[in-house]
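One structure below.
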Amino acid sequence: MTQALALSQILTEAGHEVTSMIIGTNKRREVPEYFKQKSNTKIHTVVSPNFFYDKGKKSINLWKTGLVNSLNIPQFLGQLRKINQIVKSERPDVIINFYDILAGMYFGIYKPKVKRICIAHQYLAEDSSFPFAEGSPLQKRCFLLTNKLTSLNTHKKIALSFRDIKPDSKTLTIAPPLLREEIFNLTPRKGDFILAYVVNPGYAYDLMEWHKQNKKIRLHCFWDNLDQKDEWSPWKNITFHHINDQKFLSFMKDCLGYVSTAGFESICEAMYLGKPVMMVPVENQYEQACNALDAVKAGAGITNHQFVLDPFLKYLSTHTTESTDFKHWMGLNKTIILEALEARAEFPTKKLTLIAKPLFSQLSSILHS
């Protein structure tokens, strides 16, 4: 969703109009308040496929994920009809999908007569530079299958990358990350605490177990566990915050280092601010294992298989912060993205629609290219 907000701002500044955003939701996660506040357009929600975790709320249960989502196919088909009604009402010239399977299915089944573009870091897997993680061949096949399902019948794929890479394929555009505008106005400083972001509660409890033996280390952690109050401190020097984008960025700019699962956006934000990172890929989420390898290759930091911070503390003692190359790469962002989106295709570009994971955002008929 942060990618969609960032792209929406870039497009608006370039004279285009975002008419609406369609966001995938489920029982576990609703539309965050910050997104509602920062989106200057209509927001639609659809029920979309979801991951399911094990009892410890850490690793993904692949079999349950496949089974439950398969049983929900009739519901998803109804959501495709809803998306089609929205597209018919808005009449966009371009639809942009941020790695959402429902959007890929919509492209493949309904074949809307508009320019269709897909944006995600995962599409970098089509380039020879992409580091595939070791592990189950089934996980790798599922990852590549998801890439295909999210980009069915698309005109162009844009792969967001930690690094400046020349693509092997003419059908793939490699672009810098899409970061929210606020990050560029921050002045980082080297604080005395480590920042952590742990979406899955199971990892938060792992972090607490480690901290019981290392209570002198100051930790600020963000999670989406509403069962606990905001700014909950089970003991001294460790505090858990509810997810709040501005508060998170404030801690990010002042932290000593950043610990997280191996998502994409927050790692990029840490790289831009020159913050060293330790990534713990979500168990059984193959794309995160690949993300971690790619980020290490780009100089972001180190990877670990659990939320035990001893290796990271050792790394921090020798790490030299340097974000110049990444900032230079980020400086090419608007040029590369706009050239890819505004390039003439089968249909003239006047309106745009964004579709993201978990967001299908729609840019309207006024893409004044």
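The values are calculated or read from the model by the stated rules, or taken from the named source; none is laboratory data. Computed from a predicted model, the values in this text were never measured in an experiment. Cβ placement follows ideal geometry from the backbone for every residue including glycine, while neighbour counts extend to all protein chains displayed. What goes into the accessible areas is simple: the full protein's heavy atoms, side chains included, and nothing from ligands, DNA or RNA. Shrake-Rupley method; radii C 1.70, N 1.55, O 1.52, S 1.80 Å.
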Could you list which residues have their amide H under 5 Å from that of A175, counting only those 5 or more apart in sequence or on another chain, with H placed in the peptide plane? A159, L160, S161
I'd like to check one number: the per residue accessible area of the range 182-319, probe 1.4 Å, reported in Å² as a whole number. 42 Å²
Which of the three applies to the range 185-325, rounded, prolate or oblate, going by the alpha-carbon gyration tensor with a ≥ b ≥ c and a/c under 1.5 meaning rounded? rounded
Taking 51 Å as R0, compute the FRET efficiency from the Cβ-Cβ separation of V308 and V47 and round it to 0.05. 0.85
For the Cα atoms of the chain, what angle does the longest principal axis make with the long axis of helix 2-13, in degrees from 0 to 90, nearest 10? 50 degrees
Could you look at the range 182-319 and say what percent of its accessible area is carbon and sulfur, using a 1.4 Å probe and all protein chains? 50 percent
Amide H to amide H under 5 Å from F222: which residues, 5+ apart in sequence or cross-chain, H placed 1.01 Å off N in plane? A196, Y197, V198, H241
Choice from K212, K275, K115 showing the highest fluctuation, given a GNM over the chain with Cα pairs closer than 10 Å: K212
The chain: angle of helix 101-110 to the longest principal axis, Cα-based, in degrees nearest 10: 10 degrees
Filter the GluC sites (Glu not before Pro) in the range 216-307 down to the DSSP loop ones having no more than 13 other Cβ atoms within 10 Å, then list what survives. E231
Go through (1) 39, 23, 20; (2) 27, 23, 19; (3) 33, 23, 20 and flag the label whose value is the computed semi-axes √(5λ) of the Cα gyration tensor in Å for this structure. (3)
Set the Förster radius R0 to 22 Å, insert the Cβ-Cβ distance between R81 and L145 as r into 1/(1 + (r/R0)^6), and round the FRET efficiency to 0.05. 0.35
Residue-averaged 222 nm ellipticity for the chain, from DSSP H runs of 4+ at -39500 (n - 2.57), nearest 500: -11000 deg cm²/dmol
Which of K115/K148; K190/K236; K42/K111; K38/K113 exceed 27 Å between C-alpha atoms? The answer is K38/K113
Share antiparallel - DSSP beta bridges, the range 182-319, percent rounded to 5: 10 percent
Step through the table entries K140/K166; K247/K275; K82/K156; K36/K247; K166/K253, compare each Cα-Cα distance with 20 Å, and write down the pairs that go over it. K140/K166; K82/K156; K166/K253
